[in-house]
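Participant: Sharing a structure below in structure tokens format, with a few things to ask.
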Amino acid sequence: MAPATGPVRAVWTDYGGVLTPPVAETLEPFCARLGVPSATLLAAMRQVARDCGAGDDAMAPLDTPLLTQETWERRMEEVLATHSGIHVDLSDYPARWFADRAVNQPWLDTLHRLRRQGVFVGLLSNMPPAWDRHWRLSVPPEGLFDAVVLSYESGCRKPEREIFRMAAERAGVPGEQCVLVDDLAVNCTGAEQAGWFAVEFTDTAEVTGRVEALVSAEARGGVEARVSADAAAGVETPVSEGASGGVEALVSVEARGGVEARVSADAAAEMEAPVTAAVLARGGRA
């Protein structure tokens, strides 16, 4: 790939459906374990949202939040019993939702590589407070994200303009130098209306190429400082292999630019050459 010369200096990724497989892939086995058809569960979620004045936005009661997790679970149980005749225990819903949930390792590898190259990398997610500790166990943010902006902490959510303003401020760049990677078209539209770039997530390899093309050469200028900082923090270079698509060795910009020669002898003795092996396999959605 030719050196990127685009205008973006900050890459913001969504969580569910981007850092995880598509939500639909998680929902079907989850509902099978509950004994509730997925369409019935989604209808109940929309009903609870309408009861809260959130229209058909199924997740709004949780990730703003309008209800506590426990209250939402009880209301869901009531709606399922009343409207569908299904009696089910939805307690501890977050732990059950995240159980055995995979992560999109190739996309994680891309984010790690971009960050080592000096690009600002952040997480921008509509996230319920009761789910916070669970996603952090799946995708530890340390050494990966420069900032984390979550709806429940911000009091606003995608696709609202305010959350994009807050995220750009956290990145220290104007909105026109930010890109959102999200699996929902409505959130991408919201980002674009706020002056951002947006890439709708479908396939990891395709999205990686589009983001690389947007990232500016200037944004990659802090490579040496980032390499040294990660080495001091003990952050390891991630290596992953996919079951399909093969393994493509991606030599980092640091290596191509001869950064190793500029890293101090002490730092060089403590870490390996920054070469990342990443798989650009098909990615998926939480």
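Participant: Provide the gained length on full extension for the span His83 to Ala32, in nm with one decimal, where the gain is 0.36 nm per separating residue minus the Cα-Cα distance.
Facilitator: Net length gain for the segment: 16.5 nm.
Participant: I want the local charge near Asp100. Using Cβ-Cβ distances under 13 Å, sum +1 for each Lys or Arg and -1 for each Asp or Glu among the other residues.
Facilitator: Combined, the nearby Lys, Arg, Asp and Glu give +2.
Participant: Arranged from highest to lowest average of other beta-carbon atoms within 10 Å per residue, in what order do the peptides 185-198, 120-133, 79-92 appear?
Facilitator: So the order, starting with the most tightly packed, is 120-133, 185-198, 79-92.
Participant: Another question, then. Per residue, how large is the accessible surface of region 23-82? Use a 1.4 angstrom probe and give square angstrom.
Facilitator: Value returned for region 23-82: 47 Å² of accessible area per residue.
Participant: Report the net charge of residues surrounding Pro174, where surrounding means a beta-carbon distance below 11 angstrom and charges are Lys +1, Arg +1, Asp -1, Glu -1.
Facilitator: That works out to 0.
Participant: State whether region 48-173 is rounded, prolate or oblate according to the following rule on the C-alpha gyration tensor (a ≥ b ≥ c being the square roots of its eigenvalues): a/c under 1.5 gives rounded; otherwise a/b larger than b/c gives prolate, and the remaining case gives oblate.
Facilitator: Since a/c reaches 1.5 but b/c is at least a/b, the shape of region 48-173 is classed as oblate.
Participant: Modelling each spin label as a point 7 Å along the Cα-to-Cβ direction, I'd like the Val23/Cys156 distance in nm, to one decimal.
Facilitator: 2.1
The values are calculated or read from the model by the stated rules, or taken from the named source; none is laboratory data. Just so you know, these numbers come straight off a predicted model, no measurement behind them. Using ideal geometry, Cβ is built from the backbone for each residue, glycine included, and neighbour counts are taken over all protein chains shown. Surface accessibility is based on the protein's heavy atoms, side chains included, excluding ligands, DNA and RNA. Shrake-Rupley method; radii C 1.70, N 1.55, O 1.52, S 1.80 Å.
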